[in-house]
Amino acid sequence: MFQSTFRTFVRAVFQCDCKPHKENTMNSVKTLQQFGLASLLLAGLSHDVAQTALAASGDYLFSYQVKGENWGGITLRDHTAYFGSDDGHLYALNIDRPKLAWSFKTGGLVRSKPTIKNHQIFVSSDDGYLYALNRWQGKLLWRTSLNDADVERILPANHAPWEFDYTKSSALVHGDKVFIGSGDGQLYALSRFSGEVLWHFKTQGKIRTTPAHYNGLVFVSSWDGSVYALNAQSGERVWQYETKGALTSSPLVVDDVLVIGSRDTHLYGLDPNSGALLWQQAYPGGSWVESSATAAADGEHFYIGSSDSNLLNKFHARSGNLIWQFETGGWSWGQPVVSNGTVYIGATGHDEPGWYETKRGFFAVDGQTGQQQWQYQPKAIDGFVHGGVYGAPAVGYGKVIVPDLDGYVHVFEE
């Protein structure tokens, strides 16, 4: 309350241009007015309080650089952002100072999103292990092999094979169990406290998606084209639904409907108890449905991205009806994040000869209307995917924390 009231007062005093910027860059920010910040500092306010008072939604605050591309999502807890990087580390970054609290080195790419339960944090790596750490100090509690260190990862490219194997399963914690998929095609259930494997279930393809839990069932999607419902206690299969394409979309239950996307260009709504098809939606232009769904605050709708159609979509869960579409201009592969009525999603770009061009971007969109509130343009990097944002951002404490493929985590005013 104090910060909000004080911010309004400061803007009035200094006649700050407080409208959200439609495009923000890393080297040009209008939040700190020429004499406004200096005056506030002279008045005895700290730099952080003064900067917050002058910031408008979408304004760039700061960045933190690591030594690899950031494909994994960010988890935010107690003013600390936890995220992995292609440099093999898991990082804990205090977003208020900003200052690195700790980092932990694994033996491979870290493209999973960290999962937190009490004092524990879980993350998987391309070195083939699931790690459990103390989230306060970053000390190893245990690690368990997921048997996929030797599984070949064929990254996006402008030539066959068109595997586009760029993501990683993240851990689901439910009760005393940790569920996680592996590149060896298995879903593992482990003890949260010891890392002991309690059971495992074999599919016929890689599992690069994150499982979901609902009514005693665990759902997981596989590159074999199927989504599976398993008994969470025993790992026994309850039902299986087959699509006609690999699944990189993680399952989600919204209003008693299991939502899953497929590379067969369709979005599916299934009965979570039986696996019966309730509805399906074809994506325009033959676009894969790479993205995973995120529920709206009303519990009746959800948001999901795409691939070649370059869209963020809002659907009604029970009917499968499309509510609105927002054009991202780039591959919206990642999972949207919703906070205070705003939907955040990134887009990756490429401009290889012989392909149509897609654009890099990160967007804040009104969840009700589908209208853009603000955006920023990520910088270009080398490679077929020439930059952008894939990993899910985190929103909290008045900040939007974005994992960029340029090797930075960028922080904006919410």
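No value in this document is a laboratory result; all are computed from the given coordinates. Note that the coordinates shown come from a computational prediction; the quantities given were computed from them, not determined experimentally. Counting neighbours? That spans all protein chains shown, and the Cβs are built from the backbone with ideal geometry, glycine included.
Once phi is turned into ³J(HN,Hα) by the Karplus curve 6.51 cos²θ - 1.76 cosθ + 1.60 with θ = phi - 60°, what whole-Hz value does each residue of the stretch 189-199 show in order, with x for glycine and proline?
Here the 3J(HN,Hα) series is 10, 10, 5, 5, 8, 10, x, 5, 6, 8, 6 Hz.
Would you look at the GNM of the chain, springs on alpha carbons closer than 10 Å, and say which of ASP126, ASP308, ASP255 moves the most?
In the Gaussian network model the winner is ASP255.
Rounded to two decimals, what is Rg over Rh for the stretch 57-413 when you use alpha-carbon atoms and the Kirkwood radius?
With Rh from the inverse mean 1/r over Cα pairs, Rg/Rh is 0.93.
Calculate how steeply helix 2-14 sits against the longest principal axis of the alpha-carbon atoms of the chain, using the helix alpha-carbon long axis, and give the answer as 0 to 90 degrees to the nearest 10.
Helix 2-14 sits at roughly 50 degrees to that axis.
How large is ³J(HN,Hα) for each residue in the stretch 304-317, as worked out from phi by the Karplus curve 6.51 cos²θ - 1.76 cosθ + 1.60 (θ = phi - 60°), to whole Hz, x for Gly and Pro?
3J(HN,Hα) across the stretch 304-317, in whole Hz: 7, x, 8, 8, 5, 6, 6, 10, 9, 10, 10, 10, 8, 5.
How do the peptides 356-363, 268-275 rank, highest first, by the average count of neighbouring beta carbon atoms within 10 Å per residue? Can you show the working numbers first?
Values: 356-363: 20.5, 268-275: 18.9.
Top to bottom by mean Cβ count within 10 Å: 356-363, 268-275.
Considering every pair of different Cα atoms, what Kirkwood radius, in Å, is found for the stretch 122-210?
Numbers: mean 1/r = 0.0731 Å⁻¹.
The answer is 13.7 Å.
Given an 8 Å cut-off on Cα distances and at least 6 residues of separation, report the relative contact order of the stretch 200-298 as a percent.
About 20 percent, as a whole number.
Roughly how many whole Å is it from the C-alpha centroid of the stretch 187-219 to that of the stretch 295-332?
Using only Cα atoms to place each centre, the spacing works out to 27 Å.
Using only alpha-carbon positions, what ratio does the radius of gyration of the stretch 348-414 give when scaled by 2.2 N^0.38 Å?
Expressed relative to 2.2 N^0.38 Å, the Cα Rg reads 1.22.
Counting only residues 5 or more places away or on other chains, whose amide H sits under 5 Å from the amide H of THR265 once H atoms are built in the peptide plane?
It is VAL289, by chain and number.
Over the stretch 56-156, consider all pairs of different Cα atoms and compute the Kirkwood hydrodynamic radius from their mean reciprocal separation; express it in Å, one decimal.
Values: mean 1/r = 0.0709 Å⁻¹.
Answer for the stretch 56-156: a Kirkwood hydrodynamic radius of 14.1 Å.
Mind listing the phi-derived Karplus ³J(HN,Hα) values for the stretch 149-159, rounded to whole Hz, using 6.51, -1.76 and 1.60 with θ = phi - 60°, and x for any glycine or proline?
Result, rounded to whole Hz: 5, 9, 6, 6, 9, 9, 6, x, 7, 8, 8.
Pairs of alpha-carbon atoms within less than 8 angstrom and 6+ residues apart define the contacts here; what relative contact order does the stretch 57-413 have, in percent?
Worked out over the stretch 57-413, it gives 13 percent.
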